[in-house]
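Worksheet: one structure, shown below.
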Amino acid sequence: MGNKLVIILVIIFGVLAIAQLVRVSELTAKATKRKEEEIPENENKFNGNMMIIFMIALYASFIWLMLKYGYVDLGPAASAHGQEIDWLFDLNWIIIITVFFLTNTLLFVFAYKYQRKEGVKAFYYAHNNKLEMVWTVIPAAVLSVIIIFGLQTWNETTAKAGSEYEDIEIFAYQFAWTARYSGMNNQLGKFDYKLTTAENPYGIMTKDNIERSLALMKVGEPGNSGVEMIEAQLNDRSVAMSSKDRKALETELGRKERMSRLLEAMSITYDADSLDPLAFDDVIVEDSLVLLKGQKYNFHFRSKDVIHSAYFPHFRAQMNTVPGLTTYFKFQPIYSTDDMKRKLNNPEFEYALLCNKICGGSHYKMKMSIKVLEPKEYLEWQKTKSTYEGTPWITGNEDKLLEYYESIANRVKEN
């Protein structure tokens, strides 16, 4: 409290001192009978010199701040497209810093050079077409280069993924992430929000899940009334019910009847023989996202509740996850977790998936660990996981699979 009071008093007395100095200057001008527009030559020289001093101080502080705080310490880009983004980012900074030094140097040097001098009349320079062209065409050309490179990089990273990409779904909800791997057939099972239940939180579409959701909607369960339970409540005349409560039940009944009809239609049209295997082969991982070094991934993002933003800082990737909409982003990790530990000389390093949208009270803890493994480690991890159907993820052909994974990792080393 004492320090704050001292700071406030210093500010107040400083303002009063400046006000008094201004007043003294005004009185001095009146005493010398000097007009306000008549500035002594020594004051002009003083202001011109101060412009140069201020420019030097500005540049020195700017350079110091850039050296001390300019590097965000994310380390090298850990994805193939991330290296292009870093290059584009560096190009932007080179242009911005160049323009900053050029324009500010002209500003302060011109203020010094063209200070008012006794007997020298200012030259009226109204217009110059060549100068207009220079400071219009050059910025436009530079911006065009930045935009073209930026669009090219963005289009490459968001274009439709080819068959060489492995599909992984990232499911966001308050306040965590879940990864769903597409399994050995590299096809994610279908999903539908109408199938979301406590037993099926990700709304994965299978014949059993459709029938279960339909039964819950019709019959209900404790704490979650179905159509039959609501109809029984409305038809029970022995229980007194206000018009407001009756209206709420009728609204709920209408909603669940519509949902039941949609689920019945889904059950009739659903082809279990062709669609169930897609979901049964999927692998759901909730603790961490594990990737193979060198493998190309196509991420499908969706959200259960509000807008989140999947942010992979070390891979230079970010994509919003929007309720009711699937978004996509692809990248290829080129450094394993151990590679990054060596590059950063940090044995505690860990990749992370973060949420870059303020999505609620516990937004700060919405984080998922990411591990990028070498082929052998990745295969060993796969062998510990089971599919949605409950069978082992890896069944036989381990030698061929390891050989394939090593060929993927070797391509990264060659590049």
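Any residue at all in region 77-95 that's surrounded by 12 or more Cβ atoms within 10 Å (Cβ to Cβ) and either of a type in the set (Ser, Thr, Tyr) or under 30 Å from ASN49 (Cβ atoms) (or both)?
yes
Just name the residue that is nearest to MET51 (Cα to Cα) out of those in region 104-150 that are assigned to a helix (DSSP H, G or I) and of a type in the set (Gly, Ala, Ser).
Quick first cut of region 104-150, residues assigned to a helix (DSSP H, G or I) only: 104-113, 129-150.
Then drop every residue that is not of a type in the set (Gly, Ala, Ser), which leaves 111, 140-141, 144, 150.
Numbers: ALA111: 7, ALA140: 30, ALA141: 32, SER144: 34, GLY150: 38 Å.
Looking at the filtered set, the residue picked out is ALA111.
Considering only residues that are of a type in the set (Asp, Glu) and open to solvent by 50 Å² or more (accessible area, probe 1.4 Å), look in region 141-167 and name the one that is modelled with the highest pLDDT. Explain how you work it out, then say what you get.
From region 141-167, those of a type in the set (Asp, Glu) are 156, 164, 166-167; that's our starting set.
Restricting the remaining residues to those that are open to solvent by 50 Å² or more (accessible area, probe 1.4 Å) gives 156, 164.
On the way: GLU156: 85, GLU164: 91.
Applying the filter and picking the extreme gives GLU164.
Out of the residues in region 169-217 that are buried (at least 20 other Cβ atoms within 10 Å of the Cβ) and under 18 Å from PHE312 (Cβ atoms), state the one that is farthest from the chain's Cα centre (by Cα).
Selected residue: TYR181.
Of the residues that sit in region 62-76 and are assigned to a loop (DSSP other than H, G, I, E, B) and of a type in the set (A, V, I, L, M, F, W, C), which one is surrounded by the fewest Cβ atoms within 10 Å (Cβ to Cβ)? Steps first, answer last, please.
Our first condition is that a residue be assigned to a loop (DSSP other than H, G, I, E, B); within region 62-76, this holds for 70-76.
Of the ones still in play, those that are also of a type in the set (A, V, I, L, M, F, W, C) are 72, 74.
Working: VAL72: 7, LEU74: 14.
This residue is VAL72.
Please go through region 325-341 and give me each residue that is open to solvent by less than 40 Å² (accessible area, probe 1.4 Å) and among the aromatic types (Phe, Trp, Tyr), ordered by number.
PHE329, PHE331
For residues in region 114-140 being in contact (Cβ under 8 Å) with a residue 12 or more places away in the chain and of a type in the set (Lys, Arg), which is least open to solvent (accessible area, probe 1.4 Å)? Please lay out each step first, then the result.
Keep residues of region 114-140 that are in contact (Cβ under 8 Å) with a residue 12 or more places away in the chain, which gives 115-118.
Retained after the next criterion (residues that are of a type in the set (Lys, Arg)): 116-117.
Values: ARG116: 123, LYS117: 103 Å².
Filtering region 114-140 for residues that are in contact (Cβ under 8 Å) with a residue 12 or more places away in the chain and of a type in the set (Lys, Arg), the one least open to solvent (accessible area, probe 1.4 Å) comes out as LYS117.
Right, LEU379: open to solvent by less than 20 Å² (accessible area, probe 1.4 Å), in contact with a Leu (Cβ under 8 Å, 6 or more places away or on another chain) and either free of Cβ contacts under 8 Å to residues at least 60 places away in the same chain or in a loop (DSSP other than H, G, I, E, B) (or both) or not?
On the way: open to solvent by less than 20 Å² (accessible area, probe 1.4 Å): yes; in contact with a Leu (Cβ under 8 Å, 6 or more places away or on another chain): yes; either free of Cβ contacts under 8 Å to residues at least 60 places away in the same chain or in a loop (DSSP other than H, G, I, E, B) (or both): yes.
Yes.
Residue-wise test of (1) more than 30 Å from GLN83 (Cα to Cα); (2) in a helix (DSSP H, G or I); (3) open to solvent by less than 40 Å² (accessible area, probe 1.4 Å).
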residue: ALA240; (1), (2), (3): yes, no, no
residue: THR251; (1), (2), (3): yes, yes, no
residue: MET259; (1), (2), (3): yes, yes, yes
residue: HIS300; (1), (2), (3): no, no, yes
residue: LYS343; (1), (2), (3): no, yes, no
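Which one of THR384, THR395 is part of a loop (DSSP other than H, G, I, E, B), over 28 Å from TYR311 (Cβ atoms) and open to solvent by 80 Å² or more (accessible area, probe 1.4 Å)? First the steps, then the outcome.
Working: THR384 fails: over 28 Å from TYR311 (Cβ atoms).
Of THR384, THR395, the one residue that is part of a loop (DSSP other than H, G, I, E, B), over 28 Å from TYR311 (Cβ atoms) and open to solvent by 80 Å² or more (accessible area, probe 1.4 Å) is THR395.
Tell me which of these SER309 doesn't satisfy, since it passes every other one: (1) open to solvent by less than 30 Å² (accessible area, probe 1.4 Å); (2) of a type outside the set (Lys, Arg); (3) part of a loop (DSSP other than H, G, I, E, B).
The number of the failed condition is (3).
The values are calculated or read from the model by the stated rules, or taken from the named source; none is laboratory data. For clarity, every value in this text was computed on a predicted model and none was experimentally measured. All Cβ positions, glycine included, derive from the backbone under ideal geometry; neighbour counts span all protein chains shown. Just the protein is used for accessible areas: all its heavy atoms, side chains included, with ligands, DNA and RNA removed. Shrake-Rupley method; radii C 1.70, N 1.55, O 1.52, S 1.80 Å.
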